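Note sheet for the following structure.
The values are calculated or read from the model by the stated rules, or taken from the named source; none is laboratory data. Fair warning: this is a prediction, and the values are worked out from it, not measured in the lab. Cβ atoms come from the backbone with ideal geometry, glycine included; neighbour counts cover every protein chain shown. Keep in mind that these areas ignore ligands, DNA and RNA; they rest on the heavy atoms of the full protein, side chains included. Shrake-Rupley method; radii C 1.70, N 1.55, O 1.52, S 1.80 Å.
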Amino acid sequence: MVGRREAAPVVVPDPAETTEALLGRVGRGDEAAFELVYARVADVVFGLARSVLRDPHQAEEVAQEVLLEVWRSAARFDEARGSARAWIATLTHRRAVDRVRSSQAARNRDNAVASRSNEREYDEVVEKVERRLEAERVRHCLDGLTPRQRDTVTLAYYGGRSYTDVADVLKLPLGTVKTRMRDGLIRLRDCLGVGSDA
Amino acid sequence: MHDLSAAYALNALDEVERRRFERHLDDCPACTVEVREFAEAAASLAERVAEPAPGALRERVMADVARTRQVPSRPARSVRGPSWRRALTGAAAVLLVTAGAALGTVAWQQHQAAEQAQELADGMARVLTSPERVEARHTVAGGGTATMVMAEGDAVLSAAGIPAAPHGHGYQMWVIAADGSMQSGGMLKLADGDGSAFMTGVSPDVSLALTIEPEGGSDQPTTEPLVQLG
Ligand SMILES: [Zn+2]
């Protein structure tokens, strides 16, 4: 090893470079690679945060935190444990949900009112989701779920609800919700063909 | 615990359950694989709600990036004594390792145990997701089911809903060669009646069996197999 730094090679962006490979470069401090990652994922990060939080300002704050986290911990991303898209979606969803739950905990909820508005929120979530579900594959796969499986999965994921909340909203026993969530996700996984080796 | 992997992947567990399930993931390769797959499915759901991020966001993020120090990658794995993984693949005989169980008498450091669990999880993930995998499932006499999945010389044996063995006894795994000879695969570690083991160097014509044996295990089975797979 030479003690002197060599000039950084000029890296021409390759549109075919996988996001996983780009993250490898980001992990070594490559800001240009990060800009490419940003261009690929920012819309998903923002859209998912907005789906869970509804408020665009809060969604933007969460998106900013998540994208910075991608920069900060890119070196810890391990392709063997899942794809870049899954890693980033997980970071985003986790952070958005944490934000929603902490603000919910701070609120003192009136049960009767909460239950009514839960149903309205639920309708909004489903509507918003259905409006946006354009890609045929996911739509097709969601169609393959029973309506009850679909309700539990979308309410939990797009609505950022805990399964106890979902049980509350849908007036179902906890065990039933757990089972539907699991069966729904298994069916979705199999339909999408997204095994961990994908 | 196993039935919470979907709720976990959807972030639908509360804080306490989430942490409890994460501890479970440390010793449950089956759930680890499932959570990974569910995370991929969830990412597809995420892509469907993409919407244009505000233009100002990019500038703010890039400004943050310019002044934020990155987390270094995990330190390179230190060279340790005999690599259990290499020892296993190198051995002519079939060996089974119960997930999470320490190997031999070596007192593994915490991080080595974690690494070991990770390597086990990766091995299991390889088998459970291999397109060439062959599966066999059977009910276990006395209750529960056992599943064997084999691929490319590796195999995973999982048991679910198995009743507790009589006091001072446990479930021992056996590898039965084509000529009928039986070799111990070690004790199957169960938690709440569920457990998995990973084995390597398995020839495709063997079958696997479970018997109840005294806690330390027997050289040859002393009871009738409760289940035989393959
Ligand atoms: Zn499990």
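See the values below:
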quantity	calculated
Estimated FRET transfer efficiency when R0 is 56 angstrom, pair residue A:171-residue B:134 (beta carbons, to 0.05)	0.80
Set of the stretch B:158-178 residues, backbone N closer than 20 Å to the point 7 Å along the Cα-Cβ line of residue B:203	B:174-178
Sites residue B:215 and residue A:102 - FRET efficiency at Förster radius 56 Å, r taken between beta-carbons, to 0.05	0.75
Spin-label model distance (nm) - residue B:183 vs residue A:32, 7 Å beyond Cα toward Cβ	5.4
Cβ-defined net charge surrounding residue A:71, 15 Å radius [Lys, Arg +1; Asp, Glu -1]	+3
Heavy atoms of residue A:57: accessible area, 1.4 Å probe, square angstrom to 10	130
Rough spin-label spacing in nm, given labels placed 7 Å along Cα→Cβ, for residue B:2 and residue A:54	3.9
Percentage relative contact order, the stretch B:134-229, counting C-alpha pairs under 8 Å, at least six apart	30
Residue B:215 accessible area, assembled protein chains, probe 1.4 Å, Å²	120
A versus B: buried accessible surface, summed, Å² (probe 1.4 Å, to nearest 100)	5700
Three semi-axes of the equivalent ellipsoid, the stretch A:144-192, Cα gyration tensor, whole Å, largest first	17, 11, 8
Nitroxide proxy distance, nm - points 7 Å out along Cα→Cβ at residue B:51 and residue A:76	3.0
